[in-house]
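The structure appears right after this line, and notes come after that.
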Amino acid sequence: MGIVSAIPEKCKRCYACVRECPAKAIKVEGGQALVIDERCIACGNCVKVCAQGAKRIEDGTQEVLAMLGGSEPVFACIAPSFPAAFHTVPPGRVISAIRALGFKEVWNVAVGADMVGKEYVRLYEESRRTGKPVIASPCPALVAYVEKYMPTLHDALAPIVSPMIAVARAIRHRHGAGVRVVFIGPCIAKKNEIRDPFVEGTVDSVLTFKELVTMLEEKDICLDDQPESEFDGPRSHIGLSFPLSGGLLKTAGIRADILDNAIVNAEGKDRALTALREL
């Protein structure tokens with residue numbers, strides 16, 4: 001079973017997932033829509049469009065609970081978009097709740113965004129000199145799409161890791177290789193990214209925000225009852241803007257003028273794919 005799989009008994013044969021899958025990774029067999037693992041890029045689009053809830057996402061909660069019950073210290077790094085997912089409580093309470101689950105420290109992935117932003121500045125200046133196009137690579141679904149379906153653009157992918165990998169490497173650099181690192185964020189494709197041979201072993205497991213909520217509920221940890229606390233690790237700066245529209249450019253300090261077509265900022269499945277096809 002892959003990262004995204006079908007639940008046949010829930011499928012009502014509307015085939016919205018078939019129409020909306022950018023990777024053509026869903027087939028119809030026996031009247032049921034089934035995910036083709038080798039074609040799937042784990043973008044989660046089929047999960048979003050399925051009104052019947054007939055798609056299952058690989059669950060990392062039991063794996064993480066086992067880590068927390070082990071002898072090795074477990075560090076959490078959470079995506080800077082988390083205040084939007086938990087908008088009813090102050091961010092500091094979410095940090096405390098994660099720590100209450102048993103995590104030794106909680107780091108903000110915005111720290112990693114600050115680090116990779118510096119590398120994008122260097123790459124941008126190099127691109128302007130050479131004229132070689134660059135495709136930003138923090139999105140694992142987009143990277144997987146290019147690698148599988150647009151291999152001629154592979155060399156244009158920025159050879160820069162995502163903020164998740166950068167902050168995990170920082171944690172291991174500070175605390176040693178014998179720690180466990182868990183990423184918490186909104187993106188299903190992150191579960192696929194940690195299996196990439198180039199970064200495998202850097203992040204041990206990935207939880208979505210929904211999975212985090214499930215774990216908090218199982219442990220009877222109420223967000224409203226938690227004290228407010230700060231992140232561990234270095235303080236983040238402009239990297240906090242990374243999840244926003246144009247956030248990578250903002251983090252890197254690159255100004256994108258509306259009249260300058262040297263930089264294209266394309267969001268969402270349709271716009272991103274159109275930009276890739278044009279390139």
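The values are calculated or read from the model by the stated rules, or taken from the named source; none is laboratory data. Note that the structure is a prediction, hence the values are computed from the model and not measured. Here Cβ is always computed from backbone atoms with ideal geometry, including for glycine, and neighbour counts include all displayed protein chains. Note: accessible area is taken over every heavy atom of the protein model, side chains too, but ligands, DNA and RNA are not part of it. Shrake-Rupley method; radii C 1.70, N 1.55, O 1.52, S 1.80 Å.
FRET efficiency for the pair C14 and E228, taken as 1/(1 + (r/R0)^6) with r the Cβ-Cβ distance and R0 = 30 Å, rounds to 0.10. The value obtained for region 25-102, namely the Cα convex hull volume divided by the number of residues, is 152 Å³ per residue. Within the listed set E105, E218, E147, the residue fluctuating most in the Gaussian network model of the chain (springs between alpha-carbon atoms under 10 angstrom) is E218. Here region 45-73 is scanned for amide nitrogen atoms under 11 Å from the site 7 Å beyond the Cα of S5 along Cα-to-Cβ, giving 56-59.
Springs join every pair of Cα atoms under 10 Å in this Gaussian network model of the chain, and among G102, G176, G112 the largest mean-square fluctuation is at G176.
Over region 18-96, give the accessible area per residue in Å² for a 1.4 Å probe, as an integer.
Working: 3690 Å² over 79 residues.
Heavy-atom SASA per residue in region 18-96 reads 47 Å².
Over 32 Å apart at the Cα level, from the set K104/K191; K148/K250; K55/K118, are K55/K118. In this structure region 112-156 gives 55 Å² per residue of accessible area when probed at 1.4 Å with all protein chains present.
Share of the chain's accessible area from carbon and sulfur, percent, 1.4 Å?
Details: 7620 of 14730 Å².
Here it works out to 52 percent.
Once a ≥ b ≥ c are taken as the square roots of the eigenvalues of the Cα gyration tensor of region 163-249, is the result rounded (a/c under 1.5), prolate (a/b larger than b/c) or oblate (a/b not larger than b/c)? Rounded is the answer for region 163-249, as its axis ratio a/c remains below 1.5. Applying a 4.7 Å Cβ-Cβ cutoff to the chain, the cysteines left without a disulfide-compatible partner are C11, C14, C21, C40, C43, C50, C77, C139, C187, C222.
How would R277, R172 rank on accessible area, largest to smallest, probe 1.4 Å?
Values: R277 150, R172 45 Å².
Highest to lowest solvent-accessible surface, that is R277, R172.
Across region 114-198, Cα pairs under 8 Å and at least six residues apart give a relative contact order of 32 percent. In summary, the convex hull built on the alpha carbon positions of the chain has an orientation-averaged projected area of 15.9 nm².
The length gained on full extension between I263 and R129, counted as 0.36 nm times the residue separation minus their Cα-Cα distance, comes to 46.8 nm. Treating r as the C-beta distance of H154 and E119 and R0 as 25 Å, the FRET efficiency rounds to 0.85.
Full extension of the chain segment joining E278 with I221 gains 15.6 nm, where the gain is 0.36 nm per residue of separation less the Cα-Cα distance.
Could you work out how far apart the two model spin labels at A51 and H175 are, taking each label as a point 7 Å from the Cα in the direction of the beta carbon, and quote it in nm? Result: 4.5 nm between the two label points.
Mean 1/r over all different Cα pairs, inverted: what Kirkwood radius does region 85-227 give, in Å? All intermediate terms of the calculation are to be shown ahead of the outcome.
Values: mean 1/r = 0.0591 Å⁻¹.
Evaluated over region 85-227, this radius sits at 16.9 Å.
Over 5 Å intervals from 0, what percent of Cα-Cα pairs in region 236-278 sits in each interval? With 5 Å bins starting at 0, P(r) equals 5, 21, 23, 24, 19, 6, 2, 0.
Amide H contacts of R56 (H built 1.01 Å from N, in plane; Pro and chain starts excluded): S5, A6, I7 sit under 5 Å, all sequence-distant by 5 or more or on other chains. DSSP beta bridges confined to the chain are antiparallel in about 35 percent of cases.
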